[in-house]
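Here is the structure we will look at.
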Amino acid sequence: DSPVRVVGAGLAGCEAAWQLAERGIGVVLHEMRPVRATDVHKTDNLAELVCSNSFRSDDAQGNAVGVLHREMRALGSLILATADKHRVPAGGALAVDREGFSTAITETLEAHPLITIAREEIDDLGALGDGPVIVATGPLTSDALSQSIRALSGTDHLAFFDAIAPIVYKDSIDFSKVWYQSRYDKGDAKDYINCPLDKAQYDAFIDALVNGEKTTFKEWEANTPYFEGCLPIEVMAERGPQTLSYGPMKPVGLTNPHAPTTKAHAIVQLRQDNALGTLWNMVGFQTKLTYGEQKRIFRTIPGLENAAFARLGGIHRNTFIKSPVLLDNTLRLKNRPNIRFAGQITGCEGYVESASIGLLAGMFAAAEIRRVSCPPPPKETALGALLGHITTDAESETFQPMNVNFGLFPPIEAEGGENGEKKRRLKGRDRKLALSSRAEIALMRWIEKNRVHPG
Ligand code: FAD
């Protein structure tokens, strides 16, 4: 068998290489540092943490990223095992000694008899031949390789910047104030949720946007362009107080059933963001406001007073592909199935998520080489929910990077309803506990059925 070529030895590439090698498959792990640097990595170590030293919440009962930790541990993740070994105190979070962590990953992979580390930039995927390849070059993929990916994927399917509008959990929206309707009743009535603002609410909202605290671009992001079609909402507000009421917040073609005779001055629309209908994105609300300001200001919108955000908005330098169009459900490029993608370049976001998609890519590639079946994990698991989102469930036209969150999991059915009694929907901590227990059982069944644990 020819070795699997894993391109990029970050969180995803290291995990993919480990999963393959632990299943007895040879790997060449190509890493361009130190031959070619990125704008943010500071060392030559593999799996360098470029910013925070935290893998976020380790609470597998109450937090989706905690559930992902548990699943990765169950599947023999190198990244999680090494993080556990180099843990530093951080309350309920899993934080690590960054130097100790990435040095240990580097030494472990260098010592593995089935892994060869090649310190070189890969600038042409075609030159790697027809054998199995996993591309895990992350948000700062080198320019030359980006061009090669673009040639394979098509111009419209590779982005160099994200432009993220906040995403709200549907069950946190107050439906006594909002309503479903498509503008001019085009398309399905349930395509949009509408939040009406009167003149005073709109004026206060614009004032808050203009004066709200913003984050700035980092020096290495200085050339981040603003595209006229997706300007930050506060930049539009700065152009004039009515710019938004004539733009993404225009109140036309919509009638508020709660107040049919009152005309709204402006309307915020939310569009369904995943096939399950649990997540809704605020249309046109990409922003550089700080996270704290986004929560404060967006909760002044009628209906969103108690909004819980699955993710907040942002604009960053970030190379990622349109995975829902390009990849199949085992992360293979549909038009070149010997090539898989993994990590942040697939449109997941975060250290843990990137490593988890690396883990799956490694497992899927190993199963294919061994000619054994390895179906994707069920969507009730965190791994399956995240994989399902990026490969099939996300709205492909507006696809933007996503963290793991409970909104990606299929909702828990309402309970009760016997003898004419009203059905009860689980809420808050109870809902998270139920989703977490369901995930645990689903993962164990999947592991047992498919014998997917290494060794
Ligand atoms: P990376 O870890 O970036 O690994 C990709 C590797 O590929 C790198 O080692 C790179 O040198 C190599 N490479 C690139 N091109 C080539 C090539 N052509 N040939 C060979 N090798 C190549 N996530 C968090 O959870 N917390 C944070 O605090 C956080 N902060 C971030 C800060 C910044 C500035 C950025 C850009 C991202 C941040 N992220 C953070 C998001 C993300 O989770 C991390 O970037 C994560 O490291 C992604 O993992 P990855 O394996 O996909 O990519």
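Odds and ends about this structure:
- Criterion applied to GLU22, GLU15 was being among the charged types (D, E, K, R) and under 24 Å from the mean Cα position of the chain (by Cα), and the one residue passing it is GLU15.
- Residue in the stretch 85-96 that is assigned to a helix (DSSP H, G or I), farther than 13 Å from ALA9 by Cα, away from the ligand (no atom under 15 Å from the Cβ) and modelled with pLDDT of 95 or more present: yes
- Restricting attention to the stretch 184-210, the residues that are closer than 26 Å to PHE161 by Cβ and either of a type in the set (Gly, Ala, Ser) or in contact with an Asp or Glu (Cβ under 9 Å, 6 or more places away or on another chain) (or both) total 3.
- Test: ASP171 is within 13 Å of the ligand (Cβ to nearest atom), within 30 Å of SER354 (Cα to Cα) and either of a type in the set (D, E, K, R) or at pLDDT below 95 (or both): no
- The residues of the stretch 131-150 that are in a helix (DSSP H, G or I), more than 9 Å from the ligand (Cβ to nearest atom) and not polar (S, T, N, Q), listed by number, are ILE149, ARG150.
- With respect to the stated conditions, THR103 is over 26 Å from the mean Cα position of the chain (by Cα), outside any loop (DSSP other than H, G, I, E, B) and either closer than 22 Å to PRO34 by Cβ or within 12 Å of the ligand (Cβ to nearest atom) (or both).
- Hits in the stretch 257-303 (condition: among the hydroxyl-bearing types (Ser, Thr, Tyr) and outside any loop (DSSP other than H, G, I, E, B)): TYR291
- Number of the condition not met by ALA165 [criteria: (1) modelled with pLDDT of 95 or more; (2) closer than 30 Å to THR319 by Cβ]: (1)
- With a requirement of 3 or more residues that are closer than 17 Å to MET282 by Cα and touching a residue at least 60 places away in the same chain (Cβ under 8 Å), the helices (runs of 4 or more DSSP H) lying completely within the stretch 174-246 that satisfy it span 199-211.
- Residue that is modelled with the lowest pLDDT, among those in the stretch 404-455 that are surrounded by fewer than 11 Cβ atoms within 10 Å (Cβ to Cβ) and either within 22 Å of the chain's Cα centre (by Cα) or within 18 Å of SER57 (Cβ to Cβ) (or both): GLY428
- In the stretch 151-160, the residue that is modelled with the lowest pLDDT out of those that are surrounded by 13 or more Cβ atoms within 10 Å (Cβ to Cβ) and part of a helix (DSSP H, G or I) is SER153.
- Condition met for PRO375 (farther than 19 Å from MET444 by Cβ, of a type outside the set (Ser, Thr, Tyr), touching a Ser or Thr at 6+ places or on another chain (Cβ under 9 Å) and not in a helix (DSSP H, G or I)): no
- Filtered residue count, the stretch 232-250, keeping only those that are under 16 Å from GLY313 (Cα atoms) and in contact with a strand residue (DSSP E or B) (Cβ under 9 Å, 6 or more places away or on another chain): 4
- Residue match in the stretch 321-335 (condition: of a type in the set (A, V, I, L, M, F, W, C), touching a Pro at 6+ places or on another chain (Cβ under 7 Å), modelled with pLDDT of 95 or more and not in a loop (DSSP other than H, G, I, E, B)): no
- All positions within the stretch 111-130 that are more than 8 Å from the ligand (Cβ to nearest atom) and part of a loop (DSSP other than H, G, I, E, B): HIS112, PRO113, LEU114, ASP124, GLY129, ASP130
- Number of positions in the stretch 346-367 that are in contact with a Pro (Cβ under 7 Å, 6 or more places away or on another chain) and either closer than 15 Å to VAL6 by Cβ or in a helix (DSSP H, G or I) (or both): 1
Okay, residues lined up against (1) of a type in the set (S, T, N, Q); (2) crowded, with 21+ Cβ neighbours inside 10 Å; (3) within 14 Å of the ligand (Cβ to nearest atom):
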residue	(1), (2), (3)
HIS316	no, no, yes
ILE321	no, yes, yes
PRO337	no, no, no
GLN344	yes, yes, yes
GLY362	no, yes, yes
ALA367	no, no, no
SER373	yes, no, no
LYS379	no, yes, no
ALA382	no, yes, no
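The values are calculated or read from the model by the stated rules, or taken from the named source; none is laboratory data. Only a predicted model underlies this, so the values are computations on that prediction, with no experimental measurement involved. Positions of Cβ are generated from backbone atoms using ideal geometry, with glycine treated the same way; all protein chains shown enter the neighbour counts.
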